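Chemist: Attaching a single structure in structure tokens format; questions to follow.
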Amino acid sequence: MAVLADIVETMTFRAGFNTNVVIAGTTLLGLATGVVGVLALLRKRSLLADALSHATLPGVAAAFIVAGVLGMEGRSVPILLLGAAASGVVAVLAVHGILRHPRIREDAAIGLVLSVSFGIGVIGLSYIQTNVPDGAGGINAFIFGQTATMQPGDVAMMATIAAVAIIAAVVFFKEFAVVGFNDAFARSVGWPVGGIDLLLMTLIVLVTVSGLQAVGLILVVSMLIVPAVAARFWTEHLRTLLVFGGLIGAASGYLGSVASAVFPRTPAGAVIVLAAGAIFTLSLLAAPSRGAVAAVVRRLALRLRIAGDHLLELAHDQSADEIEATELRRIARARGWSPPFRAAVLWTLRRNDMTASKPGTTTLAVTDRGRERGARVARNHALWEQYLIHYADIAPSHVDWSVDQVEHVLDEELVRRLEARLAIDSQAATR
Amino acid sequence: MIPFDLGLDLFPLLAATLAAIACGVLGNFLVLRKLSLMGDAISHSVLPGLVIAILITGAVAVGPVMLGAALAGIVTVVLVELIKSLGRVESGAAMGVVFSILFALGVLLLQRASAGAAHIDTECVLYGQLETLVWYDAPASLDALLSFSTLQHLPRQVVTLAAVAAIAIAFTAVFFKELRIAAFDAALATTQGFNATLMHYLLMLLVAAATVASFEAVGSILVIAMLVGPAATARLLTDRLLTQIMWSIAIATTAGVVGYLAATAVPAAFGLASVNAAGTITAVVGLLFTLALFASPSHGFVMRTVRRGRLSRRAAIDDVLAELFRAAERGLDRVPLADLTASLAGRPVRAAVRTAAQRKLIQTSGAELTLTDTGHRAAARVIRRHRLWERYLVDRAGVALDHVHDPAEQLEHIDTEPPEGPDRDPHGRDIPAE
């Protein structure tokens with residue numbers, strides 16, 4: 001219970017000033033990365049951000065060394081962040097340069113730039129470690145993040161960057177949408193595609209660099225990708241997607257930093273990403289139309305409907321008003337239905353008033369609705385058969401095989417058109 | 001003389017090179033199948049598998065660690081496919097999601113476990129701990145080194161890496177044909193009667209194994225560089241897969257050896273402290289790639305530019321000759337240079353005129369140009385190709401009469417001969433005989 005009280009206290013900003021600063025800072029960071037992440041996802045730049053964030057390390061190390069040589073305080077955060085931004089931009093330019101070569105594809109270019117620039121950063125880091133007393137401590141924090149060192153000034157910076165990201169997304173909404181969905185079209189009608197990409201890249205650099213201190217350079221890209229992809233499961237509209245991305249990002253930052261404050265020995269960066277991961281998992285499973293559960297349910301419903309349709313069509317073809325239990329078992333075996341599936345098929349049919357059980361027997365009686373349905377399925381079947389033979393050049397011996405799968409999805413408008421066409425066709429044939 | 005201390009340097013050098021070879025061989029198929037980032041994803045997401053295996057067994061044992069890594073690798077591949085199909089997002093983003101979350105999980109577990117018996121920490125995961133592979137009682141002479149007893153001293157990491165590298169090479173050799181078809185055309189592979197999906201998962205399993213074996217020695221960053229770098233570099237050097245794989249092994253070995261020496265022996269020669277070897281090896285990979293990108297004799301930027309320049313100069317000479325020929329047809333035997341530069345704007349006319357004059361294709365008198373006899377024959381060949389192509393484009397390809405000139409203008413410069421046709425072009429002009 002003490003833990004619960006702790007959690008409530010932390011969540012309601014009563015756990016002390018420093019904790020509140022961290023929570024506010026990471027929430028704002030999540031908001032900013034969520035919004036920018038959606039824009040990056042739309043433009044398929046998610047993993048370019050990964051290269052960029054890894055490539056900040058050599059910049060940080062170089063800034064540290066150069067500042068030391070120039071006699072400045074190497075650990076000064078603005079100098080380090082400046083170096084990070086510079087080398088991040090160089091990495092993005094390097095990826096673009098490599099992509100000018102037709103034999104190297106984007107995945108290889110990103111992977112190479114990412115690892116090589118990080119490797120160079122590691123060399124710098126090990127140089128600092130051995131040559132500058134106590135030097136690497138400050139820089140190591142950039143790799144995995146050090147949320148606890150967050151200052152009120154950092155929160156103000158996060159708030160500014162979140163505001164910039166949101167304003168940019170709102171003001172340039174149309175531009176981002178057009179370029180994101182179809183850049184070739186955007187270019188052909190005169191949108192400044194290069195300028196919009198530059199703006200997006202600037203936003204990515206801004207949020208990445210500002211997130212370095214909080215969650216570290218390896219995980220900051222997660223905050224760009226995970227909330228955006230999680231939001232993708234909930235909506236088809238870009239506007240809503242941006243809102244959801246921002247909200248999921250903010251929620252991850254908030255929940256993650258609270259959890260990290262309550263439980264000891266939990267690195268905030270990792271916990272924030274895991275919070276985003278939890279929201280993502282929830283979205284993956286439970287989102288209403290895109291989610292895995294919904295997809296399974298939908299597929300099962302479709303299978304049940306098709307199986308039921310087969311039964312009704314069979315009854316129609318044999319002009320039978322009822323199906324006996326032995327016959328039913330035979331069909332189930334032939335179709336490869338498992339006993340639970342057969343039960344589910346029968347249950348669905350009964351629920352939709354297609355069949356009724358005959359009192360006192362195990363025979364299945366087809367209702368009027370069921371007869372009507374069976375007739376329609378049979379007619380669709382016949383129509384498709386005709387269509388495939390006459391219009392789609394499919395050998396008659398192959399027709400039934402493909403028909404079985406499509407007859408259930410045929411819409412009525414198409415059926416009318418097909419009927420008219422085939423009527424003309426058959427008239428012409430008899431004349 | 002570069003200082004090389006057998007006790008300090010032999011095992012790290014071996015480990016780095018073996019890791020480079022194991023990853024480098026497998027990387028060829030990742031790069032070909034545009035799966036480089038799957039290597040990136042797996043190298044991040046094997047971390048939780050590794051940590052959980054260590055937490056359960058309480059020690060760094062090869063078997064459980066490999067099992068954990070393999071499971072994590074498979075989970076990654078399956079999850080990426082699931083997210084791609086359900087969320088309808090590009091594979092990059094789907095990979096990003098999976099490896100981010102798994103890596104964060106790994107970092108958290110690592111942090112929680114660091115008080116335990118686990119001999120692995122976050123630093124080691126990123127940069128490896130090559131430097132710890134010290135051989136305390138190394139023999140002093142080379143003869144003693146070449147004896148059988150050396151094998152008994154090999155540290156576990158080196159043995160594991162040697163095994164994984166051997167398996168990777170054997171796998172590639174045995175399934176070379178299958179891997180090649182699956183890499184270039186997965187659908188064809190399926191129709192040829194073997195399971196491309198199974199190949200995919202086997203490859204991913206091996207990538208996970210190579211990743212985790214290299215992890216301890218060289219760290220995850222070097223793993224990514226090694227999966228992508230040698231293969232991408234080799235791809236710039238050859239068009240044949242087998243040659244590419246050989247090149248990638250050579251490049252990986254070079255990077256391992258040169259990179260390691262650059263980290264330890266070279267600084268030592270200048271009296272400096274050594275730097276992180278995983279970092280320098282990665283940097284050497286980057287260097288070799290950059291070198292190939294620019295200087296590869298077959299595909300480098302430099303040679304491409306040279307070839308393009310050569311082609312454009314040759315085309316410009318053809319164009320100049322053709323213009324003079326057309327003028328001659330109109331009864332103009334002398335054409336002022338200014339007219340040519342105007343009608344062939346944007347092409348290197350002056351250089352072409354100079355070369356053509358040197359080859360005695362044209363004669364210059366003052367600022368006016370005339371075709372020589374040789375020049376006339378050469379020009380007739382160009383015009384013939386141009387007009388035959390126009391004929392082809394109008395008659396067979398259905399191009400409108402007023403649109404054929406520009407494509408023919410390009411086709412006349414390629415080496416392919418146009419199909420024979422009647423002796424007049426679609427505009428009614430004569431096609432010069434061969």
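The values are calculated or read from the model by the stated rules, or taken from the named source; none is laboratory data. All values derive from a computational prediction rather than experimental measurement. Cβ: placed from backbone, ideal geometry, glycine included. Neighbour counts: every protein chain shown.
Chemist: Considering each of A:THR19, A:THR27, A:THR10 in turn, give the residue that is farther than 30 Å from A:GLY194 by Cβ, within 28 Å of the chain's Cα centre (by Cα) and more than 14 Å from chain B (Cβ to nearest Cβ). Show your work before the answer.
Modeler: Working: A:THR19 fails: within 28 Å of the chain's Cα centre (by Cα); A:THR10 fails: within 28 Å of the chain's Cα centre (by Cα).
Exactly one residue qualifies, and that residue is A:THR27.
Chemist: Looking only at helices (runs of 4 or more DSSP H) that lie completely in segment A:169-224, which have at least 3 residues being buried (at least 20 other Cβ atoms within 10 Å of the Cβ)? It would help to see each step written out before you state the result.
Modeler: On the way: elements: A:173-181, A:183-188, A:193-215.
Ranges flagged: A:173-181, A:193-215.
Chemist: Determine which single condition A:ALA251 fails, assuming it passes every other condition in (1) within 13 Å of the chain's Cα centre (by Cα); (2) more than 9 Å from every other protein chain (Cβ to nearest Cβ).
Modeler: (1)
Chemist: So, of the residues in segment B:116-175 that are among the acidic types (Asp, Glu) and surrounded by fewer than 16 Cβ atoms within 10 Å (Cβ to Cβ), which turns out to be modelled with the lowest pLDDT?
Modeler: Keep residues of segment B:116-175 that are among the acidic types (Asp, Glu), which gives B:121, B:123, B:131, B:137, B:143.
So of that shortlist, the ones also surrounded by fewer than 16 Cβ atoms within 10 Å (Cβ to Cβ) come out as B:121, B:123, B:137, B:143.
Working: B:ASP121: 64, B:GLU123: 67, B:ASP137: 64, B:ASP143: 61.
Selected residue: B:ASP143.
Chemist: Separate question: Determine if segment A:313-328 includes at least one residue that is touching a residue at least 60 places away in the same chain (Cβ under 8 Å) and closer than 30 Å to A:TRP234 by Cα.
Modeler: Checked segment A:313-328: no residue is touching a residue at least 60 places away in the same chain (Cβ under 8 Å) and closer than 30 Å to A:TRP234 by Cα.
Chemist: Go through segment A:129-140 and report how many residues are surrounded by fewer than 22 Cβ atoms within 10 Å (Cβ to Cβ) and either at pLDDT 90 or above or more than 9 Å from every other protein chain (Cβ to nearest Cβ) (or both). Give the derivation first.
Modeler: The first filter runs over segment A:129-140 and keeps only residues surrounded by fewer than 22 Cβ atoms within 10 Å (Cβ to Cβ), leaving A:129-138, A:140.
Then drop every residue that is not either at pLDDT 90 or above or more than 9 Å from every other protein chain (Cβ to nearest Cβ) (or both), which leaves A:132-138.
Summing the residues that are surrounded by fewer than 22 Cβ atoms within 10 Å (Cβ to Cβ) and either at pLDDT 90 or above or more than 9 Å from every other protein chain (Cβ to nearest Cβ) (or both) in segment A:129-140 gives 7.
Chemist: With the requirement that a residue be more than 7 Å from chain B (Cβ to nearest Cβ) and among the hydrophobic types (A, V, I, L, M, F, W, C), what does segment A:102-124 give you?
Modeler: Within segment A:102-124, the first condition is being more than 7 Å from chain B (Cβ to nearest Cβ), and the residues that meet it are A:102, A:106, A:109, A:113, A:117, A:121, A:124.
The answer is A:ALA109, A:VAL113.
Chemist: Any idea which of (1) buried (at least 19 other Cβ atoms within 10 Å of the Cβ); (2) within 14 Å of chain A (Cβ to nearest Cβ) is the one B:VAL258 doesn't satisfy?
Modeler: If we test B:VAL258 against (1) buried (at least 19 other Cβ atoms within 10 Å of the Cβ); (2) within 14 Å of chain A (Cβ to nearest Cβ), just (1) comes out false.
Chemist: Out of all the residues in segment A:264-279, which are touching a residue at least 60 places away in the same chain (Cβ under 8 Å) and either surrounded by fewer than 23 Cβ atoms within 10 Å (Cβ to Cβ) or more than 9 Å from every other protein chain (Cβ to nearest Cβ) (or both)? Walk me through how you get there before you give the answer.
Modeler: Initially, segment A:264-279 is screened for residues touching a residue at least 60 places away in the same chain (Cβ under 8 Å), giving A:267-270, A:272, A:276.
Of everything in segment A:264-279, just one residue is touching a residue at least 60 places away in the same chain (Cβ under 8 Å) and either surrounded by fewer than 23 Cβ atoms within 10 Å (Cβ to Cβ) or more than 9 Å from every other protein chain (Cβ to nearest Cβ) (or both), namely A:ALA268.
Chemist: Would you mention how many residues in segment A:280-337 are within 14 Å of chain B (Cβ to nearest Cβ) and assigned to a helix (DSSP H, G or I)?
Modeler: Summing the residues that are within 14 Å of chain B (Cβ to nearest Cβ) and assigned to a helix (DSSP H, G or I) in segment A:280-337 gives 15.
Chemist: If A:VAL122 satisfies all but one of (1) within 15 Å of B:ALA283 (Cα to Cα); (2) modelled with pLDDT of 90 or more, what's the number of the condition it fails?
Modeler: Single failed check for A:VAL122: (2).
Chemist: Related question: Return yes or no: is B:ARG354 within 22 Å of B:ALA433 (Cα to Cα), basic (Lys, Arg), surrounded by fewer than 21 Cβ atoms within 10 Å (Cβ to Cβ) and at pLDDT 85 or above? Quick ask: steps written out before the conclusion?
Modeler: Working: within 22 Å of B:ALA433 (Cα to Cα): no; basic (Lys, Arg): yes; surrounded by fewer than 21 Cβ atoms within 10 Å (Cβ to Cβ): yes; at pLDDT 85 or above: yes.
So B:ARG354 does not fit the description; no.
Chemist: If a residue must be assigned to a loop (DSSP other than H, G, I, E, B) and either basic (Lys, Arg) or over 29 Å from B:LYS360 (Cα atoms) (or both), how many such residues does segment B:377-419 contain?
Modeler: The total comes to 7.
Chemist: Further question: For segment B:153-181, enumerate the residues that are touching a residue at least 24 places away in the same chain (Cβ under 8 Å), more than 16 Å from B:GLY63 (Cα to Cα), out of contact with any Leu (no Cβ under 7 Å at 6 or more places or on another chain) and assigned to a helix (DSSP H, G or I).
Modeler: B:ILE169, B:PHE176, B:LEU179
Chemist: The conditions are (1) surrounded by 22 or more Cβ atoms within 10 Å (Cβ to Cβ); (2) polar (S, T, N, Q); (3) over 29 Å from B:GLN111 (Cβ atoms), and A:THR160 fails exactly one of them. Which is it?
Modeler: So A:THR160 meets the others, but not (1).
Chemist: While we're looking at this one, here's another question. Within segment B:273-299, track down each residue that is within 9 Å of chain A (Cβ to nearest Cβ) and not in a helix (DSSP H, G or I).
Modeler: The answer is B:ALA273, B:SER274, B:VAL275, B:ASN276, B:HIS299.
Chemist: Quick check on my filter: what residues within segment B:410-434 are within 35 Å of the chain's Cα centre (by Cα) and touching a residue at least 40 places away in the same chain (Cβ under 8 Å)?
Modeler: B:GLU412, B:HIS413
Chemist: Which residue pairs have Cβ atoms under 8 Å apart, sit 6 or more places apart or on different chains, and have a first residue in segment A:188-202 that is free of Cβ contacts under 8 Å to residues at least 60 places away in the same chain and a second that is outside any helix (DSSP H, G or I)?
Modeler: Close Cβ pairs (under 8 Å, with a partner that is outside any helix (DSSP H, G or I)) amount to A:ILE196/A:PHE172; A:LEU199/A:PHE172.
Chemist: Take B:ALA70 and tell me if it is closer than 30 Å to B:VAL257 by Cα, free of Cβ contacts under 8 Å to residues at least 12 places away in the same chain and more than 14 Å from every other protein chain (Cβ to nearest Cβ).
Modeler: Working: closer than 30 Å to B:VAL257 by Cα: yes; free of Cβ contacts under 8 Å to residues at least 12 places away in the same chain: no; more than 14 Å from every other protein chain (Cβ to nearest Cβ): yes.
No; evaluated as a whole, the condition is false for this residue.
Chemist: Here's something else I'd like to know. What do you reckon, is A:ALA148 part of a helix (DSSP H, G or I), surrounded by fewer than 17 Cβ atoms within 10 Å (Cβ to Cβ) and within 14 Å of chain B (Cβ to nearest Cβ)? Steps first, please.
Modeler: On the way: part of a helix (DSSP H, G or I): yes; surrounded by fewer than 17 Cβ atoms within 10 Å (Cβ to Cβ): yes; within 14 Å of chain B (Cβ to nearest Cβ): yes.
So A:ALA148 passes the test.
Chemist: Out of everything in segment A:52-101 that is in contact (Cβ under 8 Å) with a residue 60 or more places away in the chain and not in a helix (DSSP H, G or I), what residue ends up being nearest to the chain's Cα centre (by Cα)?
Modeler: In this case the residue turns out to be A:ALA55.
Chemist: Restricting attention to segment A:301-338, which residues are of a type in the set (A, V, I, L, M, F, W, C) and exposed (fewer than 13 other Cβ atoms within 10 Å of the Cβ)? Even if it seems obvious, please write down each step before you answer.
Modeler: Initially, segment A:301-338 is screened for residues of a type in the set (A, V, I, L, M, F, W, C), giving A:301-302, A:304, A:306-307, A:311-312, A:314-315, A:320, A:323, A:325, A:328, A:331-332, A:334, A:337.
A:ALA301, A:LEU302, A:ALA325, A:ALA334, listed by residue number.
Chemist: Considering each residue of segment A:23-44, count those that are modelled with pLDDT under 90 and crowded, with 24+ Cβ neighbours inside 10 Å, and give that number.
Modeler: Here the count works out to 0.
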